[in-house]
Each structure stands twice: as C-alpha cells, then as structure tokens.
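The values are calculated or read from the model by the stated rules, or taken from the named source; none is laboratory data. Just so you know, these numbers come straight off a predicted model, no measurement behind them. Note that we place each Cβ from the backbone using ideal geometry, even for glycine, and neighbour counts take in every protein chain shown.
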Number of protein chains: 2
Amino acid sequence: MDYPSKVLAKAVDEISGLPGIGKKTALRLALHLLKQPSSRAAGLGNSIISLVNEIKYCKECHNFSDFEICEICSSHKRSDEVICIVEDVRDVIAIENTGKYTGKYLILGGKISPMEGVGPNQLNIPSIEKKLSAGNVKEFIFALSATMEGDTTAYYIYKKFKNSDVKFSSIARGISVGDELEYADEISLGRSIVNRLPYNEKD
Amino acid sequence: MDYPSKVLAKAVDEISGLPGIGKKTALRLALHLLKQPSSRAAGLGNSIISLVNEIKYCKECHNFSDFEICEICSSHKRSDEVICIVEDVRDVIAIENTGKYTGKYLILGGKISPMEGVGPNQLNIPSIEKKLSAGNVKEFIFALSATMEGDTTAYYIYKKFKNSDVKFSSIARGISVGDELEYADEISLGRSIVNRLPYNEKD
C-alpha cells in the first residue's frame, strides 16, 4: 500500500506491528489520531514510552510495579503463608478482581511449552525456592491455564518441590457459574463430578 | 480493574481510548510491548507523536502530505483536467491501488450527515470552487460512499455547480467482480441492469 506521507507510513507500520492489528486497522487508528487534538496523540505516545522506561518488576513476585516491591507483596494485610502461582500479570488482575484471595502471588512469566521453546529455565522457578527457604510459606496454589502446558508446568514444580513440607493445591476446575450442563465439555463436567463438594446453601 | 502499576494503568487507559480497542485488548498490547526490546515501544510512541506534529495537509487536495503540495498534486504525469472527489484519504489510497486513475483528487473530509451534525460548511467545498475558477478542470468524478449521505453530498455539490460548464460523473455502481448474482442486493443489481455497458471482450 502506498501512503501519501512518510510519517503516516511510519506510524501505520509501527502500529500494525502490534499483535492483532493489521495495516488497515493501523491506518484507521492513525487517521483517528489525526482527527483528535494533538495532545491526545502526545499523551498516547508518551504513555507508551514511559510504560517501558519507568515500569519496574517486583523483586518478590515479579509483578509489574512502580516500586521495588509491589503493593501486594508489601501489604501487611496479605498473608505470607499462601502463595498463588500464576503465569502472568493478567491472572493476578483477574484473581484480584474476585476479591476472594488474601495471600500473595508469584508470577512465573509463562508456562513450560516445548512447542514455543519455553523450558523451566525461562520461568521464575528460583523464586519458589527462595520463598521456600524463607520458611513462611505453608501452601502454594497453582492457578495456571487448564491446558497441557499449564498442567505440565504445575507437575514440574510439584515434582521439584514435593519433598518440602509445603502443601500444593490447584484452583478448582468445574462448571462455570451460569453454564448449562448440556453444553459443558466432558472433561470439565467429569472433573466437577469427581471433585464434588458438600452442598452449601450460601454458595 | 486495578492495575499493579500506575504507568501501566495510564498506558492501558490511553491505548483503550482508541476506537475499537477495549481495556482488555489495551492491556494485552501493553504487556506485549513490555516483552519487546524497549526500542520497539520508543519507536511506536515517537512515530505517533511525530505523526500528529509533522504531518501536513496538501493545500490543493487536502490529502495528508509531507510537503505543502502532495506528490499527486505536484506530479506532471497526473492530469489537471479530471478531479476525483472523495471523502477521505483511505479512498485515495484505495483508488491509487487500482492503478487505473491518472487524474487528481479532492478530499472533502467527510460527507453531509445531519445525524452526525456534519453540514456542507464543514467540508472542503470551497476548494471545488477554487478548482473551477482556475479553469483547467473538465470533469469532476464523484467517488463517494453508496449511502444516503454519500448520495446527498454528491447531489448538493452537483446542484451548487451544475451551471458551470464542467462535466460531473459518478463511479459505476454494480455487481462486484466475483459476486454471484443470486446473493447481490436488489439495488446494486437493478442499477447494473439500468446502466448496462456494451459487451467488451477485454474486460
């Protein structure tokens, strides 16, 4: 595609490098920005630049943070005894939004996936060891994807640390709230029968 | 949604201000940028800022340009006698990609749409008058959307300038190449019968 201007071509090129955004969408976004007050584009551009330059990683849990230690890890209201092991920051946000979890987190930074060339060495597994040797932790909760890679990652970590006197648990798999049984997949339905819970009228 | 970092929250907020991009997609894009080398985000951010600051509008046709007069308007290979009237720069790019047009353009910057509060005064209609008084133009081609607004805009311009001795034409409406007749809408099919062309074996 030929663009009437080199700065436009450059912007379209950069925007279309983002995942899921093609040339046509990039052009639409660029034309949208050109119709806005110029402060809008300056705000967007600067926020992207400062995102990458200013963000820090929490030394404890590897979450993104504005400080050396993130707000969750430095909070006295959160228990040190339970650590939830997740793949990335989106999972932390999702679990925080439930308001049901009061422990801390550990972000692996991915899952073991030979297909994508990700092995255990690329993940933040040494931090699990560090948490263990600190001695406060009583339980690790796996909150990983319900996929082959997620299961492999949980199994690898479990096998590596099963001799320590820490409990390992996994978030419950089953039928989502609002799901109709007839449309549920067999594996989830099967697991939800095997792992059935005592009936609780408050649920 | 609570984000673990203020710079992340700011970036997500700015990115999700773009049309068609929600908070979840914005977060995905921000996390993608954080996984890339920081030069990638700097390139993207700076290209967006310079897009808005450095781009110029061609004084002749109102297309985006790096110069006062765009490449098409300043080209000696393009005829001054035929002017294609389009809504915005995407239409210019689309027509240029066909390689079938050798005249020049005039970008209206929209179409008359009372629903969106766009009247003739917001469009670049004075430029049509300017082209007319310059005296070179022999034909204006309307290449506007096949919608009520596009038709209204063409009609408004035609009515305003019909007394000048310039020809007005409109791009052909009909059945697209590759379309099956049975799935074509009645209006396009009807127009394509009314405006049938002599059979040409080279088409």
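Quick one: count up the residues across region B:76-92 that are free of Cβ contacts under 8 Å to residues at least 40 places away in the same chain and buried (at least 18 other Cβ atoms within 10 Å of the Cβ).
Residues meeting the conditions: 2.
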Exercise for the section: Please work out which one of (1) facing chain A (nearest Cβ under 7 Å); (2) touching a Pro at 6+ places or on another chain (Cβ under 9 Å) is the condition residue B:41 fails and give its number. Expected result: (2)
Practice task
Return yes when residue A:109 is more than 7 Å from chain B (Cβ to nearest Cβ) and either at pLDDT 95 or above or touching a His at 6+ places or on another chain (Cβ under 8 Å) (or both) and no when it is not.
Solution key: yes
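Can you name every residue in region B:101-153 that is hydrophobic (A, V, I, L, M, F, W, C) and surrounded by fewer than 12 Cβ atoms within 10 Å (Cβ to Cβ)?
Matches in region B:101-153: B:115, B:134.
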Fill in the blank from the handout: When region A:155-203 is checked residue by residue, the ones that are of a type in the set (Val, Ile, Thr) and within 25 Å of the chain's Cα centre (by Cα) are A:157, A:166, A:171, A:175, A:177, A:187
Completion exercise
Going through (1) out of contact with any helix residue (DSSP H, G or I) (no Cβ under 7 Å at 6 or more places or on another chain); (2) surrounded by fewer than 18 Cβ atoms within 10 Å (Cβ to Cβ); (3) of a type in the set (A, V, I, L, M, F, W, C) one by one, residue B:73 fails only at (2)
Fill in the blank from the handout: Output for Cβ contacts, cut-off 6 Å, separation at least six or different chains, first residue at negative phi in region B:95-109, second among the small types (Gly, Ala, Ser), reads B:102/B:79; B:103/B:79; B:106/B:127
Problem - Residue ID - nearest to the chain's Cα centre (by Cα), chosen from residues in region B:77-106 that are of a type in the set (S, T, N, Q) and within 14 Å of another protein chain (Cβ to nearest Cβ) - result: B:97
Problem - Residue check, residue B:74 at pLDDT 90 or above and away from chain A (no Cβ under 14 Å) - result: no
Problem - Tabulated pairs, region B:1-29, first at the interface with chain A (Cβ under 7 Å from one of its Cβ atoms), second assigned to a loop (DSSP other than H, G, I, E, B), C-beta under 6 angstrom, 6+ apart or interchain - result: B:4/A:63; B:4/A:70; B:5/A:55; B:5/A:66; B:6/A:66; B:7/A:55; B:29/A:18
Practice task
Answer yes if at least one residue in region A:173-187 is within 14 Å of residue A:85 (Cβ to Cβ), assigned to a loop (DSSP other than H, G, I, E, B) and modelled with pLDDT of 80 or more, and no otherwise.
Solution key: no
